[in-house]
Amino acid sequence: MAKRLDMKDVNIYYGDFHAVKDISLSVAPRSVMAFIGPSGCGKSTVLRTLNRMHEVTPGAYCTGEVLLDGQNIYDPQVDPVSLRCTIGMVFQRPNPFPTMSIEDNVIAGLKLQRRVSKEEKNEIVERSLRAANLWDEVKDRLNQPGTGLSGGQQQRLCIARTIAVSPEVILMDEPCSALDPIATAKVEELISELSNQYTIVIVTHSMQQAARVSDRTAYFHLGDLIEVNSTEKVFTQPDHQLTEAYITGRFG
């Protein structure tokens, strides 16, 4: 069940460094929000606070609230490991587990949570691979290593692994930056399909990709959220001159 995400007055720090300042935005259920902006603007840092991944970095912390359907994910009662099943993440480079088969890669996250019967495993593997538009390409070699797939297939395998634990939100950190144009098109098509069921936030360095896949776009600049609006408005009639300068290529 897709859920709503809200950030309220979020400030993010790495030790004494104030990396991101006063972020407030909302992501509607079953929609795609794109984060864009020049390198080092804070977009990936903001993404990582949405499932507490930034806490893995020593000295990193944030203030403010990140709400998942109204519940603050930074409440002391919330277990970060469980949270990262509810709010899954797909990383920049495909990262299938190298010693595991395709099917074991899909089921790896779920096995960390509980025992899975053979029948349930088979059903979840097929359902997740179908949802990732990968089943027909790999169904005859499920026992072969996931690392034997092409880069684009590996990224869709990682998306299947994320889907297998039944998340409500999927975060994607530049999921196509290591892929060729054909593989990128397949992942973008997949993002559009998944948005019917999940809430999705994607960081992308490609403005064309943001325009193609997202409903709303947030533009970041030097740790500030400059503008968040419908994607069409951001790319055709931005409210802020910094946004317009970035989109027209005058800097960034």
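Which of the aspartates and glutamates could be linked to K233 by a straight reach, that is with a Cα gap under 14 Å, when you skip same-chain ones fewer than 8 residues away?
D215, E244
Would you mind computing, in nm to one decimal, how far apart the modelled labels at L222 and Q197 are, each placed 7 Å from Cα along Cα→Cβ?
Label-label distance for L222 and Q197, simple model: 4.4 nm.
State the extension gain, in nm to one decimal, for the chain segment bounded by D75 and F17, taking 0.36 nm per residue of separation less the distance between their alpha-carbons.
Fully extending the segment from D75 to F17 adds 18.5 nm.
How large is the dipole of the stretch 93-189 about the Cα centre if only Lys and Arg carry +1 and Asp and Glu carry -1, each at its Cβ, rounded to the nearest 20 debye?
380 debye
If you place +1 on the Cβ of every Lys and Arg and -1 on the Cβ of every Asp and Glu, how big does the dipole about the Cα centre of the stretch 1-150 come out, in debye to the nearest 20? All intermediate terms of the calculation are to be shown ahead of the outcome.
On the way: 19 positive and 18 negative charges, 36 e Å.
Using only the charged Cβ atoms, the result is roughly 180 debye.
Can you list residues from other chains, or at least 5 along the same chain, whose modelled amide H is less than 5 Å from the amide H of M172?
Residues meeting the amide H criterion: V90, V201, I202, V203.
At 10 °C and 1.306 mPa s, what whole-number value in µm²/s does Stokes-Einstein give for the translational diffusion of the chain, with Rh from the Kirkwood sum over Cα pairs?
Using the Kirkwood radius from Cα pairs, D works out to 85 µm²/s.
What lysines sit close enough to K139 to cross-link, taking a C-alpha to C-alpha distance under 21 Å and skipping anything fewer than 8 places away on the same chain?
Candidates past the 8-residue exclusion: K111, K118, K121, K186.
Ordering H18, H205, H221, H54 by accessible area with a probe of 1.4 Å, largest first, what comes out?
The most accessible residue leads, giving H205, H18, H221, H54.
With a 10 Å cut-off between alpha carbons and a GNM built on the chain, which of Q153, Q77, Q144 moves the most?
Judging by the Gaussian network model, the answer is Q77.
For the chain, what does the helix formula give at 222 nm: sum of -39500 (n - 2.57) over DSSP H segments with n ≥ 4, over the residue count, nearest 500 deg cm²/dmol?
That comes out to -10500 deg cm²/dmol.
So what's the projected area for the stretch 87-154, the Cα convex hull averaged over all directions, in nm²? Before the final figure, lay out the partial values.
Values: hull surface 19.4 nm².
Mean projected area for the stretch 87-154: 4.8 nm², to one decimal.
Calculate the dipole size of the stretch 58-107 relative to its Cα centre from +1 charges on Lys and Arg beta carbons and -1 charges on Asp and Glu beta carbons; express the result in debye to the nearest 20.
220 debye
Among I87, N105, S117, flag the residue with its Cα farthest along the positive direction of the charge dipole of the stretch 81-147, charges on Cβ as +1 for Lys/Arg and -1 for Asp/Glu.
Result: I87.
Give me log10 I(q)/I(0) at q = 0.14, 0.24 Å⁻¹ for the stretch 1-85, Debye formula, one equal scatterer per alpha-carbon, no solvent.
-0.47, -1.38
Tell me, in nm to one decimal, what length is gained between D239 and D140 on full extension, where the rule is 0.36 nm per residue of separation less the Cα-Cα distance?
Taking 0.36 nm per residue and subtracting the Cα distance, the gain is 30.5 nm.
Rounded to the nearest percent, how much of the accessible area of the chain (1.4 Å probe, protein heavy atoms only) is carbon and sulfur?
Percent of accessible area from carbon and sulfur atoms in the chain: 48.
The values are calculated or read from the model by the stated rules, or taken from the named source; none is laboratory data. Everything numeric in this text was worked out from a predicted model, so none of it was measured. Virtual Cβ from ideal backbone geometry, glycine too; neighbours counted across all protein chains shown. Keep in mind that these areas ignore ligands, DNA and RNA; they rest on the heavy atoms of the full protein, side chains included. Shrake-Rupley method; radii C 1.70, N 1.55, O 1.52, S 1.80 Å.
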